[in-house]
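So the structure is just underneath, and the comments pick up after that.
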Amino acid sequence: MSETIEQSIAQTARKHTISLLLENKFGALNRVAGMFSAKGYNLESITVGPTEDASVSRMTIVTKGDDAIIEQIIKQLNKLIDTLKVVDLTYDSFMERELALIKIGTTPENRPEIMQVVEIFQAKIIDISHKTLTVEATGSGQKVDAIIKMLKPFHIKEIARTGRVALKREFVGEV
Amino acid sequence: MTQQTTTPQRQMTGAEIFVRSLIEENVEIVFGYPGGAVIGIYDALHDISDIKHILTRHEQGAVHAAEGYAKASGRPGVALVTSGPGATNTVTGIADAYMDSIPIVVFTGQVALKLIGNDAFQEADIVGITRPITKHSYLVRDVNELATTIKEAFYVATTGRPGPVLVDLPKDVMATKTIFNYPKSVKLRSYQPHVEGNQKQLDKAVALISKAKRPVLYVGGGAILSNAAGELKKFAHKTKIPVTTTLHGLGAFPETDELSLGMLGMHGTWYSNTAVNYCDLLIAVGARFDDRVTGKTDAFAPEAKKIHIDVDPSNISKNVKVDVPIVGDVKKVLQQLLPLVSALDTKDWIQTIKNWKEEHPLRYNNGKYIRMQHVIQKISEMTKGKAVMISDVGQHQMWMAQFYQYIYPRTHLTSGGLGTMGFSLPASVGAAFARKDFPIVSISGDGGIQMNIQELATIREYNVPVKIIILNNGYLGMVRQWQELFWRKRYSHVEMLSPDYVKVAEAYGIPGFRATVTNEVEDVIKQLFATDGPALAEFKVVKEDNVYPMIPAGQTYHEIIDIPNEKSAPIEGEEQTDLEMVTFSKG
């Protein structure tokens, strides 16, 4: 019984990208992260940084939930006193980017093959040593996932990912 | 009041600015407890006659007293404590205020800025600890921000959905000097609570109301917080819609009114729960569809269209999906709705409810030994709604909700959301300073009274005229009831010893009285009320008694257990004799 309920919830749960503008004040990130853990909401990634206005921070949150949960998440974010604006980008056309640094253990034999993968993904090599090579990959989360997958057969030593940043797309013409 | 247009341009310490800011906010009373980190603030308070300081005997007591003051007066309550343990002792009170949307501002001392994070003596990250249980919090890092922060703190605590705000005051900041300049007003670009209801939503609500045949108003604490009792009465009378209230809604609508159904929910009246189950329109007014009200949410008011008026958008469709949400201040929204609605033909519906009231009244068997219901009913008869009743948590809390007839707003104070034992006694201290016109009655069980019994000293010291009632059954009665009903009567660690409360009272210099049999009850209550200043009465009540009606947790209306007609177990192994059925109805 409970399995079918869980399944139906899982079916309707989807990933949402939420963009949040908030006062750039002491402890603001903590309030947002704390709210997610206190309410038991899923938090896939969270990024924060300054905006064009130094008094305002932008946070990009990737979370997962069914419609009722996402509605509550947005309301709870709005409820925080420091919150200026909450936008669920999911239903809009939006640009998203993520950056990953991938450090790979190399041998003289496999180095050309790795460089080929890097080129196909239009990524960059930003550090090189006799035994390693570090790649900077930028793109959608899916693209970053894909390059990591392609590099997996080689010896990946370390990965650092930023989490997603996103903005609403203004272009509205026919694509 | 204090329009300080010519602010003196002299330098003041943070501590002086703090005190001056409270005066600007018209704070008349502070409940607090001094300590090392706030010694400078206490020094600044020393010469101030505009602010009364009440020294409680525990910081938890200070916060509950601030809550009691706020609940009884509608004005923000203020607590002031030191850093570290002083601050952590406020946590339960702050959580309590958060759950019940009580406007309080808690000022905590903090170690000097450069020591923060060093595990300094009496250091605690109180902003971090209380983040999930405050509406907002501040750490003041610069004395130039102090006045603005205090202004903001009071504004945030008292507007929108009210709640506790904490302001952490590092010791060195409070010793630093600057020019005092209190802002006249505050505007936060990130915080603008809705007040007026959206016209489209109002129109939709009016359309639903006009079609209703069996409507019910379900009124919560929001109606009291927004001072909407007058509007609610007009609305109910104009539309002829019966009114049931939540625990926190008690007093929002007079229970002497024929439209009153008393309280609904787990221990609500049989007829209110029945009316909600069969209603075709439920209008939630400043209520949040709490699990103690709804039971199983998808079976709550199953036949009804639902309108929900609430100032907090996150309350809408949180527990129960509603048809027409209206976000706004309850008072304002009712004012907007009033000219748009007209009388409904609810004559048959009201008659049906009247029959239910006659068939299933609140009732108990009165015998030789005292039942809690009887004590509360007697107080109700004697005070006629003109008392501020402050309950603790447990069985007596539910009976105080059932068997006292509430008429006026802000006369029923309780810890509803958090369910904090030990709330009543300190809260009554705050309430007594807020209301001089009504007697203040604090009721606790033998469990709860022992959780903040130290406040008897506060009551004695300031001669706070609280009538303290202890209903002693020798058990944690509500837990025992659940163990009896749902845990095969295995009474695990619920029986407890009490001191001699009359002697305790006397030791504190408070007159004490005791009743052990039913026919002493009335006299003891009379003595209690006839005593000037504080007085305490202990009632030895039947040991095993259960609160009914009851909808067991998470179940539906159809699982309701009505009040049984058999006698309850006597005290001290003696037979309960001379049973007489007493009935009691709301409305």
Self-check item: By accessible area with a 1.4 Å probe, ligands and nucleic acids excluded, highest first: order of B:Lys187, B:Lys331
Solution: B:Lys187, B:Lys331
Exercise. If a/c stays under 1.5 just call it rounded; otherwise compare a/b with b/c (prolate if a/b is bigger, oblate if not). Do that for the stretch B:325-433, with a ≥ b ≥ c from the square roots of the Cα gyration tensor eigenvalues.
Key: oblate
Practice problem: Kindly state, as a whole number, the per residue volume in cubic angstrom of the convex hull around the alpha carbon atoms of chain B. | Solution: 152 Å³
Quiz prompt | Neighbourhood net charge (10 Å Cβ-Cβ; Lys/Arg +1, Asp/Glu -1) for B:Glu67 | solution = -1
Quiz prompt | Label zone at B:Glu484 (point 7 Å along Cα-to-Cβ), backbone N below 17 Å, the stretch B:346-385 | solution = B:363-375
Quiz item: Taking θ as phi - 60°, what are the ³J(HN,Hα) couplings along the stretch B:284-294 by the Karplus curve (6.51, -1.76, 1.60), each to the nearest whole Hz, with x for Gly and Pro?
Solution: 7, 10, x, 10, 10, 6, 5, 5, 6, 8, 7
Quiz item: Among residues other than B:Glu196 whose Cβ falls under 10 Å from its Cβ, what is the net charge (Lys/Arg +1, Asp/Glu -1)?
Solution: 0
Quiz item: What whole number of Å gives the distance from the Cα centroid of the stretch B:504-541 to the Cα centroid of the stretch A:35-49?
Solution: 54 Å
Quiz item: Amide H of B:Leu139: which non-local residues (sequence gap of 5 or more, or other chain) have their own amide H closer than 5 Å, using H built in the peptide plane?
Solution: B:Asp168
Quiz prompt | Built amide H within the under 5 Å cut-off of B:Gly262, gap 5+ | solution = B:Thr245
Exercise. Mind scanning A:Lys64/A:Lys149; B:Lys384/B:Lys526; A:Lys25/B:Lys177; B:Lys368/B:Lys586; B:Lys114/B:Lys135 and naming the pairs with a C-alpha gap bigger than 19 Å?
Key: A:Lys64/A:Lys149; A:Lys25/B:Lys177; B:Lys368/B:Lys586; B:Lys114/B:Lys135
Quiz item: Within the stretch B:441-547, which trypsin sites (Lys or Arg not before Pro) sit in a loop by DSSP and count at most 14 neighbouring Cβ atoms inside 10 Å?
Solution: B:Arg488, B:Lys489, B:Arg490
Self-check item: Size of charge dipole - the stretch B:138-214 - debye, nearest 20, with Cβ of Lys, Arg +1 and Asp, Glu -1, no other charges
Solution: 600 debye
Quiz item: Where does the stretch B:361-584 land on the Kirkwood hydrodynamic radius, alpha-carbon pairs, in angstrom?
Solution: 17.7 Å
Practice problem: Give B:Lys240/B:Lys306; B:Lys213/B:Lys306; B:Lys71/B:Lys240; A:Lys79/B:Lys204; A:Lys15/B:Lys318 a once-over and call out the pairs whose C-alpha atoms are over 23 Å from each other. | Solution: B:Lys71/B:Lys240; A:Lys79/B:Lys204
Quiz item: If you roll a 1.4 Å probe over the heavy atoms of the protein chains, what accessible area per residue do you get for chain B, in Å²?
Solution: 38 Å²
Quiz item: Mind checking the dipole of the stretch B:187-343: about its Cα centre, +1 per Lys or Arg Cβ, -1 per Asp or Glu Cβ, Debye to the nearest 20?
Solution: 380 debye
Practice problem: For the stretch B:11-179, state what percent of all Cα-Cα pairs lands in each successive 10 Å bin, counting from 0 Å until the bin that includes the largest distance. | Solution: 12, 45, 37, 6, 0
Quiz item: With each run of n ≥ 4 DSSP H residues scored as -39500 (n - 2.57), what mean residue ellipticity at 222 nm is computed for the protein assembly as shown after dividing by its residue count and rounding to the nearest 500 deg cm²/dmol?
Solution: -9500 deg cm²/dmol
Quiz item: Which values of log₁₀ I(q)/I(0), to two decimal places, follow from the Debye formula for the stretch B:386-428 at q = 0.15, 0.20, 0.21, 0.22 Å⁻¹ with a uniform point scatterer at every Cα?
Solution: -0.32, -0.57, -0.63, -0.69
Exercise. Could you look at chain B and say what percent of its accessible area is carbon and sulfur, using a 1.4 Å probe and all protein chains?
Key: 51 percent
Quiz item: So what's the stretch A:2-91 giving for Rg/Rh, alpha carbon basis, Kirkwood Rh from the mean inverse pair distance?
Solution: 1.02
Quiz item: If you wrap the stretch B:190-272's Cα atoms in a convex hull and average its projection over all directions, what's the area in nm²?
Solution: 6.9 nm²
Quiz item: What's the center-to-center distance, using Cα atoms, between the stretch B:169-246 and the stretch B:317-351 in Å?
Solution: 14 Å
Exercise. Determine ³J(HN,Hα), in whole Hz, for all residues of the stretch A:58-67 in sequence, where each value follows from phi through the Karplus function 6.51 cos²θ - 1.76 cosθ + 1.60 and θ = phi - 60°; x replaces Gly and Pro.
Key: 10, 10, 10, 10, 10, 9, 9, x, 7, 4
Exercise. Provide, as a two-decimal number, the C-alpha radius of gyration of the protein assembly as shown over 2.2 N^0.38 Å, N being how many residues it has.
Key: 1.08
Self-check item: Cross-link reach list, lysines versus B:Lys184, counting only Cα pairs under 17 Å and skipping chain neighbours closer than eight places
Solution: B:Lys151
Quiz item: Considering the dipole of chain B built from charges on the beta carbon (Lys and Arg +1, Asp and Glu -1) around the Cα centre, which of B:Met263, B:Ser424, B:Gly109 is farthest to its positive end?
Solution: B:Met263
Quiz prompt | Options B:Ala537, B:Ala505, B:Val219, ranked by Cα towards positive dipole end of the protein assembly as shown, top entry (Cβ charges) | solution = B:Val219
Quiz item: Is the shape of the stretch B:382-469 rounded, prolate or oblate, going by the alpha carbon gyration tensor and its root eigenvalues a ≥ b ≥ c, with a/c under 1.5 for rounded and a/b larger than b/c for prolate?
Solution: oblate
Quiz item: Could you list log10 I(q)/I(0) for the stretch B:277-375 at q = 0.10 Å⁻¹, which the Debye formula gives when each Cα is one point scatterer?
Solution: -0.43
Exercise. For B:Ile468, list long-range residues whose amide hydrogen, built 1.01 Å from N in the peptide plane, is under 5 Å from its own amide hydrogen.
Key: B:Ser442, B:Ala535, B:Leu536, B:Ala537
Quiz prompt | Note, ³J(HN,Hα) from phi for the stretch B:219-224, Karplus 6.51, -1.76, 1.60, rounded to Hz, x at Gly and Pro | solution = 10, x, x, x, 5, 7
Exercise. Could you size up the charge dipole of the protein assembly as shown around its Cα centre, putting +1 on the beta carbon of Lys and Arg and -1 on that of Asp and Glu, and report it in debye to the nearest 20?
Key: 1340 debye
Practice problem: Taking the convex hull of the Cα atoms, report for the stretch B:199-357 its projected area averaged over all directions, in nm². | Solution: 7.7 nm²
Quiz item: Rounded to the nearest whole Å³, what is the per residue volume of the convex hull around the Cα atoms of the stretch B:79-202?
Solution: 117 Å³
Quiz prompt | Stretch in chain A that is longest and holds no GluC sites (Glu not before Pro) that DSSP places in a loop and that have at most 16 other beta carbons within 10 Å | solution = A:110-169
Quiz item: Once the mean 1/r over all distinct Cα pairs of the stretch A:94-168 is inverted, what Kirkwood radius in angstroms do you read off?
Solution: 12.5 Å
Quiz item: Mind listing the Cα extents of the stretch B:490-549 along all three principal axes, in Å, largest one first?
Solution: 43, 26, 19
Self-check item: Formal net charge of residues neighbouring A:Leu29 (Cβ-Cβ distance under 15 Å; K, R +1; D, E -1)
Solution: +2
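The values are calculated or read from the model by the stated rules, or taken from the named source; none is laboratory data. Since the structure is predicted, the reported quantities are computational estimates derived from the model, not experimental observations. Using ideal geometry, Cβ is built from the backbone for each residue, glycine included, and neighbour counts are taken over all protein chains shown. Surface accessibility is based on the protein's heavy atoms, side chains included, excluding ligands, DNA and RNA. Shrake-Rupley method; radii C 1.70, N 1.55, O 1.52, S 1.80 Å.
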